[in-house]
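Data block below; observations after.
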Amino acid sequence: MAEPLKNTGRDLQGEVISAIAAVTGYDESDVKPDMLFIEDLGCQSLQIMEIVLELQSVFDIEIPDGDIDALRSVDDAVGYVKRRLRE
Amino acid sequence: MSTRRVAITGIGLVTPLATGTRESWSALIEGRPGIGPLTRFDAADFSVQCAGQVDDFEPERFLPRARIRHMDRYAQLACGAAQLALDDASLEAGDLPARSAVFMGVGLGGLETIERNHDALREKGPRFITPYFIPMIIPNMAAGWISLIHAVTGRSLTLATACASGAHALGEAFHLLRSGSADLVIAGGAEAAVTPLGIGGFAAMRALSTRDVDPSRASCPFDAARDGFVLAEGAAVLVLEPEDAALDRGGRPYARLSGYGAASDAHDITQPDPEGAGALAAMRMALEDAGLEPSCVDYVNAHATSTPLGDRVEAAAIRALTGGRPVAVSSTKGATGHLLGAAGALEAALTALAIREETIPPTLNLEDPGPGCDLDHVTGGPRRQPVRAALSNAFGFGGTNATLVLERGEER
């Protein structure tokens, strides 16, 4: 079971970047928080779906289709994961 | 019939013998087998314990990391072989004629990806299927990726004729070039079915060798001890061009592809016609296509996979073709195992190398020809012999048969 997430000092930004790097093939150090998936990381539509899949898997959350369009950058993804884990 | 001649100007091999054309050929001629213990997955529960694995293949050598994860292994192997073939033909990005095409033979497609995603579906649920699942498993993605990577904008086609796929791809590419409808074709075959379902499926048919011998000795085409084939993976890609154009640009073709025959048994879904009717028809048709008599043939690279029935039937068909005249025959599957959809392309490539090198590769592990398998077998080592014309056979489930004719080409 996933541990309670508050007060664990978990580096959510680092974990999201790590997941995005794994999917896109970039080194983690090249993935910056302000980067846009399509414009900066060169993602194609299926790769964004793959990032969504990876985030669902890593953080054990379900991301509804309606939320996906709002995930345009690394920061968006970090904020979204934080919000969902607080719920 | 058009007189446009078609030359093989580049060969890329990613085989259980080695990754690399020269490396694969050397291993074959030196008798170093490509078959070993089955290690690509935990096969403890399986009756089959050997396979022809491409253990030295490093996809990073040929492909960017971000692409590798969006390709099933069969497409990765295909892209590696295509790169090697274009390098071998001294063709770089931007060198390809506008009317270039890609024809690939693939028997199964992305089996490993199907298995992994089915596991994810069962264990975690449908949300965990990768969005790349469909574009990874469809069998036309070997041709698709080759087209994308090398900017080939002509026709991109995939032939799925089981174990004859690679030969049909080359044959159809040859006819396209000869007709004048293309100026270069990247053609071959690819397969990566050394997976639990691939091994398990063929094992369930009792098609695979299970005898308790050193894995490197399990594949023994035409031998009395043969008990099934050894499943292998890999890719073979050839560059085909009009011979004149190839020579004009300073190329040194391996051989000429000059004939193609395709015929069906219409007998059974997996068993060959007992008289080898389809095989014989394909060989005769290919020779007629090349304008050659059977007496011109110096070498036959047999399909012979090391199965009890298939090898015997092919031997009978070859005898019927040549009328008893001795013709050198070998099955390179003794060394490579059976690459399914890539087999026909690999064996055509090895036949082209035999013509260029004037060296006929042996049937590894053939010591005692079984009943009905009498032929002029090349065994015990390669045979140094000029080859004017050769046949390469490939037969597949569904009763489909393909034969290619290769000849020594013009040199300048």
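The values are calculated or read from the model by the stated rules, or taken from the named source; none is laboratory data. Everything quoted here is computed from the prediction, not taken from an experiment. Ideal geometry is used to build each Cβ from the backbone, glycine not excepted, and the neighbour counts take in all protein chains shown. To get the accessible areas, we keep the full protein, side chains included, count just its heavy atoms, and leave off ligands, DNA and RNA. Shrake-Rupley method; radii C 1.70, N 1.55, O 1.52, S 1.80 Å.
Does at least one position in region B:183-203 carry a residue that is touching a strand residue (DSSP E or B) at 6+ places or on another chain (Cβ under 7 Å), in contact (Cβ under 8 Å) with a residue 12 or more places away in the chain, crowded, with 24+ Cβ neighbours inside 10 Å and more than 22 Å from B:L13 (Cβ to Cβ)? Checked against the condition, which is being touching a strand residue (DSSP E or B) at 6+ places or on another chain (Cβ under 7 Å), in contact (Cβ under 8 Å) with a residue 12 or more places away in the chain, crowded, with 24+ Cβ neighbours inside 10 Å and more than 22 Å from B:L13 (Cβ to Cβ), region B:183-203 yields no hits at all. Out of all the residues in region A:68-80, is one or more within 13 Å of chain B (Cβ to nearest Cβ) and either surrounded by 16 or more Cβ atoms within 10 Å (Cβ to Cβ) or under 24 Å from B:G125 (Cβ atoms) (or both)? Yes, there is a match, as at least one residue in region A:68-80 is within 13 Å of chain B (Cβ to nearest Cβ) and either surrounded by 16 or more Cβ atoms within 10 Å (Cβ to Cβ) or under 24 Å from B:G125 (Cβ atoms) (or both). When the residues of region B:149-171 are filtered to those that are open to solvent by less than 60 Å² (accessible area, probe 1.4 Å) and part of a strand (DSSP E or B), the one that is farthest from the other protein chains (Cβ to nearest Cβ) is B:L159.
Consider region A:12-60 and keep the residues that are under 26 Å from A:E87 (Cβ atoms) and of a type in the set (S, T, N, Q). The one that is least open to solvent (accessible area, probe 1.4 Å) is A:Q56.
For region B:121-148, the set of residues classified as free of Cβ contacts under 8 Å to residues at least 24 places away in the same chain and either more than 14 Å from B:G110 (Cβ to Cβ) or outside any helix (DSSP H, G or I) (or both) consists of B:L121, B:R122, B:E123, B:K124, B:G125, B:P126, B:R127, B:F128, B:I129, B:T130, B:P131, B:L148, listed by residue number.
Got a sec? Which of B:A277, B:A235, B:A263, B:A286 is buried (at least 24 other Cβ atoms within 10 Å of the Cβ), at pLDDT 95 or above and in the same structural domain as B:G344 (by TED's automatic domain parsing)?
Details: B:A277 fails: buried (at least 24 other Cβ atoms within 10 Å of the Cβ); B:A235 fails: in the same structural domain as B:G344 (by TED's automatic domain parsing); B:A263 fails: buried (at least 24 other Cβ atoms within 10 Å of the Cβ).
Exactly one residue qualifies, and that residue is B:A286.
Quick one: is A:I63 out of contact with any Ser or Thr (no Cβ under 8 Å at 6 or more places or on another chain), surrounded by 15 or more Cβ atoms within 10 Å (Cβ to Cβ), facing chain B (nearest Cβ under 10 Å) and closer than 20 Å to B:G125 by Cα? Full working, then the answer.
Working: out of contact with any Ser or Thr (no Cβ under 8 Å at 6 or more places or on another chain): yes; surrounded by 15 or more Cβ atoms within 10 Å (Cβ to Cβ): yes; facing chain B (nearest Cβ under 10 Å): yes; closer than 20 Å to B:G125 by Cα: yes.
Yes.
The single residue among B:A225, B:A263 that is outside any helix (DSSP H, G or I) and either closer than 28 Å to B:A78 by Cβ or of a type in the set (V, I, T) (or both) turns out to be B:A263.
Residues considered: B:S47, B:S90. Of these, the only one that is over 30 Å from B:P221 (Cα atoms), small (G, A, S) and assigned by TED's automatic domain parsing to the domain that holds B:A203 is B:S90.
The set of residues in region B:391-407 that are open to solvent by 10 Å² or more (accessible area, probe 1.4 Å) and either within 15 Å of B:S330 (Cα to Cα) or among the hydrophobic types (A, V, I, L, M, F, W, C) (or both) comprises B:F395, B:F397.
Contact map, region B:61-84: first residue more than 22 Å from A:V23 (Cβ to Cβ), second residue among the aromatic types (F, W, Y) and part of a loop (DSSP other than H, G, I, E, B), Cβ cut-off under 6 Å, separation 6 or more or different chains; pairs are B:G80/B:F62; B:Q83/B:F62. Residue count for region B:25-45, restricted to those that are open to solvent by 40 Å² or more (accessible area, probe 1.4 Å), touching a strand residue (DSSP E or B) at 6+ places or on another chain (Cβ under 9 Å) and in a loop (DSSP other than H, G, I, E, B): 3. In region B:239-252, the residues that are part of a loop (DSSP other than H, G, I, E, B) form Cβ pairs under 8 Å with partners that are charged (D, E, K, R), at six or more places apart or across chains, as follows: B:G251/B:E241; B:R252/B:E411.
Only one residue in B:R73, B:R22, B:R67 is within 14 Å of chain A (Cβ to nearest Cβ) and either of a type outside the set (V, I, T) or crowded, with 18+ Cβ neighbours inside 10 Å (or both). Which one? Spell out how you get there, then give the answer.
Working: B:R73 fails: within 14 Å of chain A (Cβ to nearest Cβ); B:R22 fails: within 14 Å of chain A (Cβ to nearest Cβ).
None of the others qualify; the one that does is B:R67.
Out of region B:112-143, which residues are touching a strand residue (DSSP E or B) at 6+ places or on another chain (Cβ under 9 Å), open to solvent by 20 Å² or more (accessible area, probe 1.4 Å) and away from every other protein chain (no Cβ under 14 Å)? Answer for region B:112-143, where residues must be touching a strand residue (DSSP E or B) at 6+ places or on another chain (Cβ under 9 Å), open to solvent by 20 Å² or more (accessible area, probe 1.4 Å) and away from every other protein chain (no Cβ under 14 Å): B:P139, B:N140.
Which of the residues belonging to region A:26-40 are touching a residue at least 24 places away in the same chain (Cβ under 8 Å) and under 18 Å from A:E15 (Cβ atoms)? A:V31, A:K32, A:P33, A:D34, A:M35, A:F37 - these are the residues of region A:26-40 that are touching a residue at least 24 places away in the same chain (Cβ under 8 Å) and under 18 Å from A:E15 (Cβ atoms).
Residues in region B:337-349: is at least one on the phi > 0 side of the Ramachandran plot and buried (at least 24 other Cβ atoms within 10 Å of the Cβ)?
Yes: region B:337-349 contains one or more residues that are on the phi > 0 side of the Ramachandran plot and buried (at least 24 other Cβ atoms within 10 Å of the Cβ).
All conditions but one from (1) away from every other protein chain (no Cβ under 14 Å); (2) more than 26 Å from B:G261 (Cα to Cα); (3) not in a loop (DSSP other than H, G, I, E, B) apply to B:A78; the one that does not is (2).
Output the residue which, of all residues in region A:22-32 that are modelled with pLDDT under 95 and assigned to a loop (DSSP other than H, G, I, E, B), is nearest to A:L53 (Cα to Cα). Ranking the qualifying residues of region A:22-32, first place goes to A:G25.
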